[in-house]
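**Q** One structure coming up, written as structure tokens, with questions to follow.
The values are calculated or read from the model by the stated rules, or taken from the named source; none is laboratory data. Since this is a predicted model, take the numbers as computed values, not measurements. Here the Cβ is made from the backbone with ideal geometry for all residues, glycine too, and neighbour counts use every protein chain on show. Remember, those area values only see protein heavy atoms, side chains included, never the ligands or the DNA or RNA. Shrake-Rupley method; radii C 1.70, N 1.55, O 1.52, S 1.80 Å.
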Amino acid sequence: MPNRKLVAGNWKMHGTAAGIAEIVRIASAVPPEVDVALCLPATLIERAARAVPSFAIGAQDVHSEAGGAFTGDVCAAQLHDAGASIVIVGHSERRDLHREDDAVVRSKAAAALVAGLRVILCVGETLEVRDAGEAIATVTAQLDASLPPAPVEAVAYEPIWAIGTGRIPSLEDIGAMHAALRGRLVAAHGDRGHSVRLLYGGSVKPANAAAIFAVSDVDGALVGGASLTASDFLPIVEAAAQA
Ligand code: PEP
């Protein structure tokens, strides 16, 4: 049986208090057939969670330690305490700009699970790797090395060259990657690997969402730019509900 779809928005470093109205607009229009979450800047999590208490608010990163002398960082228990129920780990912008390797991503995911947060774990290849024909080998190896021992909520396949560029892989390439990732999840977790949701991320828009959601083993999307407004995000959510 196919997994219920999950559409998660990643607001990155966008949004101040003025954005709460947009979050309320999104949360109040979610159809019952689909799960939706918004991963917000840490500064907005508590306000958003109070504004839309029955809607999933998430974070975009978490520290791997449970607390301590880590200036500027936020641990999983603090995110949970602020009202987050889900967190992204291993986004390519963290892997690249903050030099987070697979071992760091794995420990962040494990720490988030211990604190009761659901985890969206991101993997994805560069254009050079894709062009060299090594995308599946590279991304499955990345997943193997980043997975914590217990199953995560979702794995997001995000080709780095598709993020924020308006380009996406062919639907065949998305399907082939998701099939390979599913195989690795089942190898790691047995039957439970089937229920880890596989999200596609990278330039998902209202115009391409339905076609992407129709691909086998695509259980939803991680959406950056198009998650910032209800007018862009809700048609993507609706496409997931119809899929
Ligand atoms: C992302 O950063 O996770 C993302 C998918 O961004 P965009 O949708 O803007 O490509």
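Matching residues to (1) surrounded by fewer than 20 Cβ atoms within 10 Å (Cβ to Cβ); (2) in contact (Cβ under 8 Å) with a residue 12 or more places away in the chain:
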| site | (1), (2) |
| --- | --- |
| THR138 | yes, yes |
| PRO148 | no, yes |
| VAL152 | no, yes |
| ALA156 | no, yes |
| ALA162 | no, yes |
| GLU172 | yes, no |
| ARG182 | yes, yes |
| GLY190 | yes, no |
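**Q** Let me ask something additional. Tally the residues that are within 15 Å of the ligand (Cβ to nearest atom), over 15 Å from TRP11 (Cα atoms) and either basic (Lys, Arg) or open to solvent by 50 Å² or more (accessible area, probe 1.4 Å) (or both), restricting the search to segment 232-243.
**A** 1
**Q** Check whether at least one residue in segment 90-109 is part of a strand (DSSP E or B) and open to solvent by less than 50 Å² (accessible area, probe 1.4 Å), and report yes or no.
**A** no
**Q** Just give me the residues in segment 207-225 being more than 12 Å from the ligand (Cβ to nearest atom) and at negative phi, in sequence order.
**A** Scanning segment 207-225 gives ALA207, ALA210, ALA211, PHE213, ALA214, VAL215, SER216, VAL218, ASP219.
**Q** Identify, from the list MET13, MET1, the residue that is over 14 Å from the mean Cα position of the chain (by Cα), within 16 Å of the ligand (Cβ to nearest atom), assigned to a loop (DSSP other than H, G, I, E, B) and surrounded by fewer than 18 Cβ atoms within 10 Å (Cβ to Cβ).
**A** Criteria check complete, one pass: MET13.
**Q** Here are some residues: GLY201, GLY164. Which one is within 15 Å of the ligand (Cβ to nearest atom), more than 15 Å from VAL123 (Cα to Cα) and touching a Gly at 6+ places or on another chain (Cβ under 8 Å)?
**A** None of the other options fit; the residue is GLY164.
**Q** I would also like to ask the following. Check ILE23 against each of (1) among the aliphatic types (A, V, I, L, M); (2) crowded, with 22+ Cβ neighbours inside 10 Å; (3) closer than 30 Å to ALA103 by Cα and name the one condition it does not meet.
**A** (3)
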